1. If we scan region 123-145, do we find a residue that is of a type in the set (Ser, Thr, Tyr), modelled with pLDDT under 90, under 30 Å from Leu30 (Cβ atoms) and part of a helix (DSSP H, G or I)?
2. Taking the condition of a type outside the set (Gly, Ala, Ser), surrounded by 18 or more Cβ atoms within 10 Å (Cβ to Cβ), at pLDDT 90 or above and not in a loop (DSSP other than H, G, I, E, B), does Ile61 pass?
3. When only residues in region 5-57 that are crowded, with 19+ Cβ neighbours inside 10 Å and part of a strand (DSSP E or B) count, which is farthest from the chain's Cα centre (by Cα)?
4. Anything in region 108-129 that is surrounded by 20 or more Cβ atoms within 10 Å (Cβ to Cβ) and of a type in the set (A, V, I, L, M, F, W, C)? List them, or say none.
Amino acid sequence: MSTISAEQLNGFDILADLTAKERKLFSARLKERSYAAGKTIFNEGDPGGAIYFLLSGEVEISQSLTLSMSTSGEYDQRDKSIIRLAGDHNPVFGEVSLMSSEDKRTATVKALSNCRMGLLIEEDFFKIVDGNREVGYKVLRNLCRIISDRLVIANRNVLKLTTAISLILEK
């Protein structure tokens with residue numbers, strides 16, 4: 001049984017507009033995990049299959065600066081920090097692997113401080129949304145908003161980057 005209550009899930013955008021009873025469907029299936037500061041939670045390219053609810057602590061999400069173009073795997077493996085998430089903002093992460101046909105992590109997540117999380121595996125997530133159509137609609141609508149908002153930010157960043165590169169190349 002989960003030690004994470006429905007009340008602790010109250011501020012998460014993915015569960016917006018859900019009643020306490022509806023949030024309990026999720027809290028009952030969450031598996032509590034703790035990660036020490038400095039611990040990598042998962043790496044870019046790892047198999048996915050779960051979404052994380054950050055209850056406390058702070059994490060950093062980063063991505064590789066380059067794509068692997070060689071079959072030998074030899075390429076620049078430096079990462080670029082994309083964002084930091086703090087538990088007091090009730091963020092979720094790992095959602096892309098639930099919705100992607102590739103089922104791979106698109107970023108690396110590392111604990112910057114001691115973190116407490118709720119882990120919801122893909123099978124449990126879809127049992128809830130498939131078995132409770134109204135709840136499923138609300139959660140998937142919320143998830144679409146979260147992913148769309150993140151896509152808009154990513155698009156702006158790509159536009160800024162391509163503009164900066166174009167200005168540099170014009171000189």
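The values are calculated or read from the model by the stated rules, or taken from the named source; none is laboratory data. Please read all numbers here as calculations on a predicted model, not as lab measurements. Neighbour counts run over all protein chains shown; Cβ positions are idealised from the backbone, glycine included.
1. Kept after step one, since they are of a type in the set (Ser, Thr, Tyr), are these residues of region 123-145: 137.
From what's left, modelled with pLDDT under 90: none.
No; the residues of region 123-145 include none that is of a type in the set (Ser, Thr, Tyr), modelled with pLDDT under 90, under 30 Å from Leu30 (Cβ atoms) and part of a helix (DSSP H, G or I).
2. Values: of a type outside the set (Gly, Ala, Ser): yes; surrounded by 18 or more Cβ atoms within 10 Å (Cβ to Cβ): yes; at pLDDT 90 or above: yes; not in a loop (DSSP other than H, G, I, E, B): yes.
Yes.
3. Per the stated criteria, the residue is Tyr35.
4. Across region 108-129, the qualifying residues are Val109, Ala111, Cys115, Met117, Leu120, Phe125.
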